[in-house]
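In what follows, a structure is listed as structure tokens, so that the remarks can point back to it.
All of the numbers you see were taken from the coordinates with simple rules; none came from a lab. This is a predicted model, so every value here is computed, not measured. Because the Cβ atoms are built from the backbone with ideal geometry, glycine has one as well, and the counts that use them run over all protein chains shown.
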Amino acid sequence: MEFIKTFKYLEYNLSLIPVVIDILIVSFVIYKIIMMLRKSRGIYLISGVGIIWVLGVVSKYYELELMDWIITNIRPSLLFIIVVILQPELRRIFGDIASMKFFKKMLYNPTFDIDEIIKAVKIMAEEKTGSLIVISKEISMKDIIEQSVQLDAIISSSLLLTIFKKNSALHDGAVIIEQNRIASAASYLPMSSALGTSTLGARHRSALGVAEETDAVVVVTSEETGEISVCHSEDMVHPVKPLELKNLLLSYLTNKETKKSTEKKEETETVAVSK
């Protein structure tokens, strides 16, 4: 109540700015917490705490001594219970805040170590091993990662080759690379309908599907032909020569695509769809 009284009688001058900023920050944090809790069991816990608070007010108003004594003794442990039970949700909330573009630029610059990826892709293309590798940029893919086999491993060609080895448990699905680490394997992606009657299979449709919905760069190798394809935004470059793969990936990942590569992309994409 004191805050409301202070705000009510506050003169309209520069001192109003900190108050407005304070309200906006608190409102944003509360909004993020509510949106996160709505998707988890945390909403039931918060509802329970709210009920206990209401009962406390009622017990004091009507002088219900026994109930007031019980609630008074429960209250000190409520904060500890909330922190322990909501630990995964709280970790996710702070992770979301840290992954915002504003904080990303302050905290770290994204790096992409693609040499190991390119090495693995070239070997799989030669051996005609099917693979689907998603390199996440600014848009997080945590929803898909959480429903996949989570790895959080250092990027290495040997690990990628092991994952996509035929008949391995993780062969089906995609590998997602986020924050320069292999975040998950056996990840299932949304499929695109943009390829129409093209003979390209499920891997290519999934690659284009996730590229349409995010800013990720996706690399595919075909187990039928051994050809390499790269998807970004709504575009698919197919086929990609092994010697051109690194420059193409760097142009997409660093948003420094040249006019020449754009023209080549349009040409190869037309060939792919016509097949």
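Beyond 20 Å in Cα-Cα separation lie the following of the pairs K119/K142; K166/K241; K128/K165; K122/K246; K137/K246: K119/K142; K166/K241. Highest mean packing comes first when the peptides 22-31, 179-188, 213-222, 46-55 are listed by Cβ atoms within 10 Å, giving 213-222, 179-188, 46-55, 22-31. Residues whose amide H comes within less than 5 Å of that of S184, counting only those at least five positions distant or on another chain, are L151, D152, I176 (H built at 1.01 Å from N in the peptide plane). Karplus-based coupling profile of the stretch 180-187, in residue order and whole Hz: 6, 9, 6, 7, 7, 9, 6, 8, with θ = phi - 60° in 6.51 cos²θ - 1.76 cosθ + 1.60 and x standing for Gly or Pro. A protection proxy built from the mean count of other Cβ atoms within 10 Å ranks the segments 125-131, 62-68, most packed first, as 125-131, 62-68. Working ranking of peptides 226-237, 152-163 by packing, defined as the average number of other Cβ atoms within 10 Å per residue, highest first, is 226-237, 152-163.
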